[in-house]
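K.L.:
Sending over a structure as structure tokens; questions will come in a sec.
The values are calculated or read from the model by the stated rules, or taken from the named source; none is laboratory data. All figures in this text were calculated on a predicted structure; none of them were measured in a lab. Reconstructed Cβ throughout: ideal geometry from the backbone, glycine too, with neighbour counts over all protein chains shown.
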Amino acid sequence: MIGPDPAASPAPTRRRVSPGDPFILSCPPKHHHLLYYSAGGSFGTNLGQVVFPEELYYGQTVASSLGRPFQVLLPSLAERQMKVRRRTTIIYPKDAGYMLLQTGVREGSRVLECGGGSGAFTFLLACAVGTKGEVHSFERRSEHLEQAQSNLRRLGEFPQIVWHLSDTEREGFGVEGMEAAFIDVPEPWTLVQPARAALLPGAFWVSLSPTVNQVERTVLALEAAGFTAMRTVEILERELLVREGKTRPKEMGITHTAYITTARPADRPVAAPAEALEEGAEDHEPAE
């Protein structure tokens with residue numbers, strides 16, 4: 001047998017919720033609340049008051065004062081991210097997942113973000129790089145930085161995050177050897193040169209922009225600075241309403257949130273063949 005012997009370390013049958021731990025209190029279809037556990041605490045809903053017992057476990061069912069069952073669930077990273085207190089629009093999970101996969105951020109990575117806002121994406125980056133990595137979070141507005149720091153304190157301890165209050169357009173990032181730069185500001189093109197100085201050759205630039213005009217200016221600036229492998233995408237999310245014999249898409253979805261542009265700094269610009277620059281030119285398989 002390859003791998004650890006299950007008999008040597010049996011898996012726990014239940015996972016206890018410790019004081020201060022987050023959990024989801026759920027009673028479908030409308031109740032889905034992110035809470036933090038305290039023994040004897042309670043939460044009020046229109047389905048009755050839910051009092052938390054002295055011992056609480058993920059997966060447990062507790063009854064409200066009106067007898068309605070609520071499930072205690074382990075929160076996902078996306079649920080914890082979406083529930084932060086915010087002053088600004090946050091990066092949605094559908095976009096965040098794409099960004100992390102495209103850049104390969106992992107345990108031990110050194111990355112930076114600019115325009116951290118409420119810290120929702122900072123939290124995901126900190127989870128991805130782990131305690132062996134570094135997340136340098138840059139913000140030029142003190143009230144946004146304070147909000148992000150407050151949110152991260154609620155979510156846990158993250159010594160891998162280094163906070164910076166600075167105007168990076170004027171001052172640069174002041175760090176080197178970064179494996180990825182995540183830029184979420186209204187004028188990302190102004191940070192192309194500072195990001196290039198901070199990034200390792202062949203590393204990743206990622207920027208989010210709500211309009212195509214911003215994308216155009218950003219891509220032109222990236223091209224001028226010698227970035228390559230540029231790509232811009234939009235991620236749409238549509239949930240299905242699943243009912244026997246009448247499953248269909250829900251009327252509302254998470255559609256346009258931002259255009260995501262990725263690129264990589266090269267040692268020198270690589271010019272595309274002239275024929276590839278002609279409007280409508282594409283790669284085609286030869287006809288048989």
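K.L.:
Would you call Ala148 out of contact with any Lys or Arg (no Cβ under 6 Å at 6 or more places or on another chain), buried (at least 20 other Cβ atoms within 10 Å of the Cβ) and modelled with pLDDT under 95?
P.N.:
Against the criterion (out of contact with any Lys or Arg (no Cβ under 6 Å at 6 or more places or on another chain), buried (at least 20 other Cβ atoms within 10 Å of the Cβ) and modelled with pLDDT under 95), Ala148 qualifies.
K.L.:
Restricted to the stretch 22-35, and to residues that are touching a residue at least 24 places away in the same chain (Cβ under 8 Å) and over 21 Å from the mean Cα position of the chain (by Cα), which residue is surrounded by the most Cβ atoms within 10 Å (Cβ to Cβ)?
P.N.:
Leu25
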